[in-house]
Every structure is written in structure tokens, then in C-alpha cells.
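Worksheet: the structure to be examined is printed underneath.
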């Protein structure tokens, strides 16, 4: 049971405090309700580029890193399709440094031309390092475009093209900041060796006078129910043929999310999972195969991806995956298999929650999802899933008309 | 109209901080126990979550092998079959109880590490014991391993960072040294089941082992370990017996350029020199120097080459965690067209550290950052266990940790410049770019 205190400042900033006196550290986590899905299709990659600019100096503080490191702190940030999250961990005695830094960059950035110029280059190198200079690096660009024809999950957080990053203007940066980076769109979590009273006082002191801003009301084009099997064939200079299959699933807050999560465990979670056992060990068609889901706030994807053994044909490999899916759709999984995936989930939650940083991060995300109490009710939701529900969900998710298949061939 | 009095917040003034020097850092101790067969258990009882980790650390890394790839293959296939259970049964057993049993093979040691909830540990320890005494390495499992490992290697070899990592180790230690050697597809092809079973018999079944256990430990954990492992043929590493330390023969040529992918858009840059191990008095001093140089986000390499020039997404320097001999490595991926200026800037930063004294504020920052990191790192049983693991495997004791903290707190600019003059000379470094 993770305890927390929740309150809101007058400017709309939501604050969560989680006390844990057993650690000498505190974590200050600020989540902004903006991600790549909120971008203009002609200016993709901007939310992530913007995250870099948050370290380029704020209105009263020229340099973010130096004072934090002087206080013995470390920090990082990440951008997803759904949100952007910043976190600082530092010795509890120096907690106020984190409030000072985070509140000043919420108040206003310095909007330095130099910072924009450098970070454009840095992000372009990041793009090259992860998506161009790697075998199979472009898979997700193609897969997202195949599945999402309307919803902005169509593009990656890094952006759909280097040119979008290259073309980013300081004016765009300012507009983005004042639209999204306001207290009304932010969640502050303070966790670790801190009292709720202390956190409240510091939050009022440092964040209380920041203008609220306008609450952003997200209205994104939704993806209609897919009703056709889609297929894409690609050839590239990679050593092995690879097969990818993606299936739209339930959104993060829907009951179907938990069912889909457990289904991915049945298929691809570990050495005793069905795909691993059948396709790597018994039929020897794949050297590697995984099943996972993207876990996004809006409806995400269940993905099966594998690299084929040399000499195996794509059709044969695909057929074998289909046979495993057919078995899943034909009969309920056994009590033992159901207990296994639930036990795995229980362990995963316990181990993840051991770190204060993870707890702070999870609290922010659940608050974003609209119910911070999910922090303590997730496990029950997994426990309540039945084999029958999994059977029904498997038939919906793995319906051929809900499938997106990518044959990624090694070019000879 | 009266003006409301409100205390104005001056946001230009940083809040006061408590300085690193004032933090007291204590590495929580372990309790040591010996099982009946002499195997030592290092127990760290910490934390407030009913979960634990057990590591069985064998002297079975690739330094002991006589045929390339055997150590890693044995370690990987330990859980792929006993005389009673198939690979599937074993995987299913651990997964049913929500446990992870990971295997890692390093140069000197190879370990099995279990993470699980306390309530299930009784179901899991007997099966770990079975793996240590009765793994049979089925031919079919070996065949799958060989084929799949070769396929993975084929993909990895397309990545410039992977290729660069292999080559720089070979330059530093020589291609025949366990630290410098790397596997080709043919090495996998030549693995025979007999190689594996012989290695397993000698280095696992009857091998030298230590057990590290950490978490909120159940009251009977030691008796459970005794019951499951105290009667096995494993033994404690023999006192006074040194680990293998074969001759290190670095490459003669210092500069290397490799074209791995003619279409590559980035170069993987590695600049590295040999460096003494943790027993050398300079090791912990150079760790502080390294913090200033390239050890974290606020370091000079990052500030200059990423934050000023934008040549890369990231650049770091570090001391390699090797037992026999370490290395000081600078590592980055940079745009193909900016590799040369990026490398020039690395050397410039070395020059500056050799020529000029680090100013007090920068040193204070590096110091406080290092102390803050250790403080955060002492949080929780698994972090503490991994610190102890490194100390114990390097043949050190708790004084090494205390000395490290003292060094961070007390080292001055002159001493750091002396270290830079000794260890940051460009002519001593290998330089490699793989595109």
C-alpha cells in the first residue's frame, strides 16, 4: 500500500506527496501533460526537442545543471507519445534546490537561440544514433504509419523526419511553452524523506505564484476500429528477415488493458511463454521472438516481433505465429498458466515499487490518467482477470481484420 | 489603498545547500556465515519490502576457459535442462513463482542471480541447487543456442558501437587475453557438448562459489541456504590462490579507422588507455578526475562536445570495472562529418586538465555530485549488495569504500592536475573510429 497526500494549488498545479523516511533522498518529479501526440503533423518531434530545451536555462537561472550538482543531485527527463516527465533525485537536506530549479523553469524559460541551435544538432544526432545508424532502426516509423491512419500515434516521439527538427523556430518554442508548460497542465510529485507539511509549504512558496495558464483540452482525431488486414513489405540492408505483427488494443484506463497485458505475458513473457517455447524451441523457426504492448494512454498496440532463422520463409514463420494465436483463441488458458502470469505481474509491481523514483513516477502517471489511487488498485485489477475474459479478448485483438503485418526482408 | 505586504521571492538566489563534505556515508555491513562445505554467505538484511535477491557467484568466467565461448555457453545453458526437468519445466517453475533467474558471465566470475518475493523462496532454492548439481546440457538445447547466438552476432556486427567495443578491448589487452578476445561465428560452431559438461563439472558443480543474499531477509534464510547448498560439492575460493592474470599485450598501433557500414551516418569513437586496477592508490583519485572530465552530465566532455558544439547525443568517460587491469575509456557516437573535430576536442580537454588547475566551484560540484550519487546508491538492499559484490570480487574490503569517500571529500586541484599529467596524455591513448 503506497500512501500519499494530494492537494492542488490555487493556480491548478496538482501536488502529490509520498513520505518514506527510510531513504536519505527525495525525488521531485514534474510531469507535463503534453507528448508527441499533441504535435502538429508538420512539426513532429517537437515535444521531445522541447524537453532538451528545458535544460538550456530558465528566466532567473542561467544554468540548470551546476546548482543541482552542487546540491548532490541528479536528474533526467523523458518524452513519450503521451506526456513529458522530469525528475530530480537529491539528498533530502537539499530539497529546496529542486523546488527552486523546477519552479523557475515552469515560470519561464530563457528562450535562448543558442540553446535551440545546439539542441537541434544534439537531437539530430540522437535521431541518427537510434533510428538511422541501427539495423531495423526504421521499423517503428513504418509500423506506426501502417496502424495509425488518423491518430497522432502515427509518428514517433523523435519525430517523423530530421527536417522537422532542423526547421524548429524559437517562436514555436515560446508558443509551445506557454500553451502546455503551465501549472494547470502539470503534476508535481514529491517523494522520499519529506513530510507532507514541508512539501506543501515549499510547493506554495516556489510554485504558488506562477500564472495558472489555460488548461489544455486534448481533442485528438481518434483511430476508427480497424476492419481490414493490413500488410507492408520492406527490404533493407539487414542480416536477417524479421516479422512484425501489430494489433490495436484497449486504452490504458479501460478494463481491457489488463487483459491484453496478461495476454502478452502468456505469449511472450519469458522462457516458458508460448511463442518462445513453440517457435524458438520446438519448431526452430525464430532465433528471437517477443510479444509486448505499447501501453499507451490512448489505444495502444499488442506487438509480436521476431527474427527468422536463416532459410525459413516469411510465410511459414507467419503461419506458425497464426497457429499459436489460433490455439489461444480456441480454448481458455489453464488455471496454472493464468496463475503464472498473475504471479509474474505481482512480482513485477513489487520490485518496481522498491525504488522511490519509480514510485514518484508512477504516482504522477496515475494522476495524469485521472485516478492516482490506481497506484494501489492495479494488482487487484490484474487478479480479477478471468481465463474467459482472456479468451474473449484474444479473439478481438488477434482478429485477422485487426492485424498489421510487416515483412521486413534482408536485402540480398 | 494599502499595499499588500508579500514576501517577495528572489528567484535569482539559490537556496542554501548542505555541502557534500558534511554528509556521512556509511556502507551498511554484511553478515558473513559459512555453510558446512565452507561456502561463504554474505547477507545484507535491509529494506522494508518482502523481496530478496540471491546471487551464486562462481569463479567461472572466461578467464578459466581453454576454448573460446565455453564459459558464456555454460552459464547461459545452466537452466536448460537437468536429468529431471526440461528447459521448459525450469523456466515455467521460476516464472510461476514470479521469480527471475538471470545468468551473467564476466571475465573472472559467472553468476546465477535470483530475484523473488520472500513468500516463494522455499520453492525456488531447491531448483537452483538442482541446476548447480544436475544440469545436463541437452544437445538439442546447445544446437539452438549455437544457431541463435550466431544470428544475434550477425545483427550486432552491423552496429558500429558493438564493433567498436570489441576492437578497443582487443587493442587494450591483446586479442588472446580474456578481456580482449571476442567471438566469431566459427567459435560458436565449434562448441561441443563435452566442452560444456567438463567446464560445468569443474567450475560449477565442484566450483569455487560465494553466495550473496540481500533484501528484507526471512528469519530462516540461512538455514534454507544451508539445507539446499551446504551439502553440495561447491567450495569457497581457496585463500591465497590468485585469479588468472594472463599477460596483457596491448596493440602497437594506436590509431585505427574501420569502415563497418559504408552507409553509416555516425562514427563510434573510442579513445582508451590501459589503467591499473582498484588496488592502485591512483584509482580512486582518477575516479574524481574522471568525474570532472567525462563522468557525468555536468562534466567537461559533455558540456563542450554535446552542450556547446552539438556533435553528439552523449559522451562519457569511465574506468572499466575489471579485476586484473582497468582502462580509462572515452566513448561517444558522433556524426560522421564531425568525428574529427569531436576527437580534437577530447584531446583539448585532456590538455586543459594537465595544464590548468580545476577551479574550486567546479571541483565542489564534481565532489558533491559524487557524494550525492553514492548516497542515492546506498539506498536499498540491492544497491548495497552490488557495492559489496564489487568490493569483494576485487579482493578489497570496507576500507576501500571509506577511502573512496575520503578521497572525494579531500582531493585538491593540484593532486588532480598531477593525476591528469600522469594519465591524460594523448600519446598513451588508443584512438578508434568505426563508421
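Throughout, read-outs are computed from the coordinates displayed, never taken from laboratory work. Since we're looking at a predicted model, the values are computed, not measured. Here the Cβ is made from the backbone with ideal geometry for all residues, glycine too, and neighbour counts use every protein chain on show.
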Quiz prompt | Nearest-0.05 FRET efficiency for residue A:112 and residue B:192, computed from C-beta distance (R0 56 Å) | solution = 0.35
Exercise. Round to a whole angstrom and tell me the spacing of the C-alpha centers of the range B:374-435 and the range B:26-89.
Key: 26 Å
Practice problem: Would you compute the Debye intensity of the range A:194-278 from its alpha-carbon atoms alone, equal scatterers and no solvent, and pass along log10 I(q)/I(0) at q = 0.21 Å⁻¹ to two decimals? | Solution: -1.18
Quiz item: Across bins of 5 angstrom width beginning at 0, how are the C-alpha pair distances of the range A:10-67 distributed, in whole percent?
Solution: 4, 12, 15, 15, 20, 19, 10, 4, 1, 0
Exercise. Could you tell me what % of all Cα pairs in the range B:327-435 have separations over 25 Å?
Key: 42 percent
Practice problem: State, to one decimal in nm², a quarter of the convex hull surface area for the C-alpha atoms of the range A:272-345, i.e. the direction-averaged projected area. | Solution: 5.9 nm²
Exercise. Could you list A:274, A:395 in order of exposure, starting from the residue whose Cβ has the fewest other Cβ atoms within 10 Å?
Key: A:395, A:274
Self-check item: Percent of alpha-carbon pairs separated by more than 21 Å within the range B:2-80
Solution: 68 percent
Self-check item: the range B:114-205 - Rg (one decimal) and Dmax (whole number), Cα, Å
Solution: 17.5, 48
Quiz prompt | Exposure proxy ranking, count of Cβ atoms within 10 Å, fewest first, for A:128, B:255 | solution = B:255, A:128
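Calculated FRET efficiency, residue B:185 and residue A:197, Cβ-Cβ r, R0 51 Å, to nearest 0.05?
On the way: r = 63 Å, r/R0 = 1.24.
According to the calculation, E is roughly 0.20.
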Practice problem: Compute the Rg/Rh shape ratio of the range A:230-410: radius of gyration over Kirkwood radius, all on alpha-carbon atoms. | Solution: 0.99
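When the Kirkwood hydrodynamic radius is evaluated over all pairs of different C-alpha atoms of the range B:104-160, what value in angstrom, to one decimal, is obtained?
The answer is 14.5 Å.
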Exercise. Please compute P(r) over all alpha-carbon pairs of the protein assembly as shown, binned at 20 Å starting from zero, and give each bin as a whole-number percent.
Key: 14, 45, 38, 3, 0
Practice problem: Take the alpha carbon atoms of the range A:240-254, find their center, do the same for the range B:91-135, and report the distance between the two centers in whole angstrom. | Solution: 31 Å
Quiz item: Any idea what diffusion coefficient the range A:145-215 gets from Stokes-Einstein, in µm²/s, Kirkwood Rh on alpha carbon pairs, 10 °C, 1.306 mPa s?
Solution: 101 µm²/s
Practice problem: Report the FRET efficiency, 1/(1 + (r/R0)^6), for residue B:33 and residue B:399, where r is their Cβ-Cβ distance and R0 is 30 Å, rounded to 0.05. | Solution: 0.85
Quiz item: Which of B:417, B:11, B:202 moves most in a GNM of chain B, Cα contacts under 10 Å?
Solution: B:11
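Express in % the proportion of alpha carbon pairs of the range A:110-163 at distances exceeding 19 Å. Walk me through the numbers before you get to the answer.
On the way: 561 of 1431 pairs.
I get 39 percent for the Cα pairs in the range A:110-163 exceeding 19 Å.
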Quiz item: What are the semi-axes of the equivalent ellipsoid of the range A:35-127, taken as the square roots of 5 times the eigenvalues of the Cα gyration tensor, listed largest first and rounded to whole Å?
Solution: 25, 15, 12
Exercise. Please tell me the relative contact order of the range A:12-72 in percent, rounded to the nearest whole number, where contacts are Cα pairs under 8 Å and at least six residues apart.
Key: 14 percent
Self-check item: Gaussian network model of chain B, Cα within-10 Å springs - most flexible of B:14, B:29, B:381
Solution: B:14
Quiz item: How far is helix B:413-423 tilted off the main Cα axis of chain B, in degrees rounded to 10, range 0 to 90?
Solution: 60 degrees
Practice problem: Kindly give the semi-axes, whole Å and largest first, of the ellipsoid equivalent to chain A, taking each as the square root of 5 times a Cα gyration tensor eigenvalue. | Solution: 39, 27, 18
Quiz item: Under 16 Å from the 7 Å Cα→Cβ point of residue B:248, by amide nitrogen: which residues of the range B:80-108?
Solution: B:107-108
Quiz prompt | Spin-label pair residue A:178/residue A:388, simplified geometry with 7 Å Cα→Cβ offset, distance in nm | solution = 5.7 nm
Self-check item: Inter-label distance, nm, simple model (7 Å from Cα along the C-beta direction), residue B:84/residue B:223
Solution: 2.2 nm
Self-check item: For chain B, average projected area of the Cα convex hull in nm²
Solution: 27.8 nm²
Quiz item: Which whole-percent values make up P(r) of the range A:5-207 when all C-alpha to C-alpha distances are grouped in 10 Å steps starting at zero?
Solution: 9, 33, 32, 20, 6, 0
Quiz item: Can you give the extra length, in nm with one decimal, that the chain gains between residue B:18 and residue B:255 once fully stretched, where that is 0.36 nm per residue apart less the Cα-Cα distance?
Solution: 80.8 nm
Quiz item: When only Cα pairs under 8 Å and 6 or more residues apart are kept, what is the percent relative contact order across the range B:31-229?
Solution: 38 percent
Quiz item: Based on the alpha-carbon gyration tensor of the range B:164-275 and its eigenvalue square roots a ≥ b ≥ c, which shape applies: rounded if a/c is under 1.5, prolate if not and a/b is larger than b/c, or oblate?
Solution: prolate
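Normalise the Cα radius of gyration of the range B:255-434 by 2.2 N^0.38 Å (N = residues in it) and let me know the number.
1.07
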Practice problem: Take residue A:150, project a point 7 Å from its Cα along the Cβ direction, then tell me which residues of the range A:271-305 have their backbone nitrogen under 16 Å from it. | Solution: A:298-300
Practice problem: Divide by every residue of chain A the summed helix terms, -39500 (n - 2.57) for each DSSP H run of at least 4, and state the resulting mean residue ellipticity at 222 nm, rounded to the nearest 500 deg cm²/dmol. | Solution: -12000 deg cm²/dmol
Quiz item: What whole number of Å gives the distance from the Cα centroid of the range B:291-364 to the Cα centroid of the range A:1-64?
Solution: 29 Å
Practice problem: Within the range A:298-313, find all residues whose amide N lies under 11 Å from a label point positioned 7 Å from the Cα of residue A:322 along Cα-to-beta-carbon. | Solution: none
Exercise. Please give the per residue volume of the convex hull enclosing the alpha carbon atoms of the range B:31-229, rounded to a whole number of Å³.
Key: 138 Å³
Practice problem: Could you work out how far helix A:113-127 tilts from the main Cα principal axis of chain A, as a 0 to 90 degree angle to the nearest 10? | Solution: 20 degrees
Quiz prompt | Ascending count of other beta-carbon atoms within 10 Å, so fewest first, for B:194, A:305, B:130 | solution = B:194, B:130, A:305
Practice problem: Rounded to the nearest 500, what is the 222 nm mean residue ellipticity of chain B from helices alone, with -39500 (n - 2.57) per DSSP H run of 4+ residues and division by all residues? | Solution: -12000 deg cm²/dmol
Self-check item: Distance between modelled label sites at residue A:21 and residue A:352, nm, 7 Å Cα→Cβ extension
Solution: 2.9 nm
